[in-house]
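Student: Sharing a structure here in C-alpha cells format.
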Amino acid sequence: MKKTNRREFIQTTVKATVITTIGVPFMACASKAGKETDDPEKNTLPVLTFSQIKLPYGYDALEPSIDTLTMDIHYNKHHAAYVKNVNEAIEAEKITFNTELEFLSNTSKLSAKARNNGGGVWNHNFFWQVMKPGGGTPSGKLADAINGSFESFEKFKEQFTTAAMTRFGSGWAWLVNDNGKLKIGSTPNQDNPLMDISDFKGTPLLALDVWEHAYYLKYQNKRNEYVANWFNVINWDEVASRLK
C-alpha cells in the first residue's frame, strides 16, 4: 500500500472539504468561468446576447403623437419577443459573432429567424433613442448637413415622408450618413442599412418604424397621420450625436 506523507494528506483533505461543503454549484461555476471546450460543436453558451434597452421615457411621454397603449405593447410585447427569439436562434444555431455589428454585417449567412429577430432588436433599441417628448428641430452641424443634402428641412421632411409612405407592407424609413453624404431610404421587415443583404446602406442617424403595430391602435390605416405627428417627437440631439 502506498504511503501518504503529511503534506499530501493535508492537500487531499482540503480538496475533499471544499467539494463537500460547496457542492455542485461551485464546480459548475468553475467550469463556466474557464474555457468551455476547444470543439465549437460542443460550445453551448452563445458568444453574443442581444438585450432590450430601458425605455428612455415613460410610456405616455410621447402623447399625443404616439399613444400610451401602443408604446406599452410595442415595447413589452413586440420588442421583448424579438429579444427572446434572436437569443434562442443564436444558441440553437451556434452563432459565434462577438458584436451586434458583426452579426448584422453577416446576415446573409444567418437563418430567417436570426436575421429578422436580430434586426428587430437592434432597430427598436435605435428607434426608442431617437425619440423624446417635444422634439423640436435640428440645429448646428446637423441642420447644415440636412440643408446641404436636401436643400432645406422642409424638403428633408418631404423626402423622408415619401420613403415612409412608399414602403409597401412592413418596414422602416431611414436617414443615414453614407461617407459624409446624408441619404434617405427604406428597408423591408426588420432589415436595416447595416446588413450586408440590404440594398440601402449607410450609418443610421434616424429611423421610423412603419410596421402597423407601431401606429394602428391610434391611427388605424392612416400611416400618413402617424408619420406627420412623429416629426414632433424626434430627438434631434441624439441624431446629431450620431453624425460623425
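The values are calculated or read from the model by the stated rules, or taken from the named source; none is laboratory data. The model shown is predicted, which means the values in this text are computed figures rather than measured ones. So basically every Cβ, Gly included, is an ideal-geometry build from the backbone, and we count neighbours across all protein chains shown.
Student: Within the stretch 204-218, does at least one residue satisfy the condition of being loosely packed, with under 15 Cβ neighbours inside 10 Å, more than 20 Å from the chain's Cα centre (by Cα), modelled with pLDDT of 95 or more and not basic (Lys, Arg)?
Tutor: Yes, because at least one residue in the stretch 204-218 is loosely packed, with under 15 Cβ neighbours inside 10 Å, more than 20 Å from the chain's Cα centre (by Cα), modelled with pLDDT of 95 or more and not basic (Lys, Arg).
Student: Another question, if that's okay. So how many residues does the stretch 127-145 have that are more than 25 Å from the chain's Cα centre (by Cα) and either farther than 18 Å from residue 237 by Cα or surrounded by 14 or more Cβ atoms within 10 Å (Cβ to Cβ) (or both)?
Tutor: Adding up the residues that qualify gives 2.
Student: Being within 30 Å of residue 221 (Cβ to Cβ) and modelled with pLDDT under 95 narrows it down to one of 135, 120, so name that one.
Tutor: 135
Student: Residue 107 passes all but one of (1) out of contact with any Lys or Arg (no Cβ under 6 Å at 6 or more places or on another chain); (2) farther than 22 Å from residue 238 by Cβ; (3) of a type outside the set (D, E, K, R); which number fails?
Tutor: (1)
Student: Follow-up. Which of the helices (runs of 4 or more DSSP H) found entirely inside the stretch 147-244 contain at least 1 residues meeting this: among the acidic types (Asp, Glu)?
Tutor: 153-166, 223-230, 236-241
Student: Let me ask you something else. Sort out which residues of the stretch 76-99 are touching a residue at least 40 places away in the same chain (Cβ under 8 Å) and crowded, with 18+ Cβ neighbours inside 10 Å, and write them in order of number.
Tutor: Within the stretch 76-99, 79, 82, 87, 90, 95, 97 meet the criteria.
Student: Ok, one more. Looking only at residues in the stretch 219-244 that are of a type in the set (Ser, Thr, Tyr) and under 23 Å from the mean Cα position of the chain (by Cα), which one is surrounded by the fewest Cβ atoms within 10 Å (Cβ to Cβ)?
Tutor: 241
Student: Further question on the same structure: Restricting attention to the stretch 174-190, report how many residues are in contact (Cβ under 8 Å) with a residue 24 or more places away in the chain, at negative phi and surrounded by fewer than 18 Cβ atoms within 10 Å (Cβ to Cβ).
Tutor: Residues that pass the stated criteria total 2.
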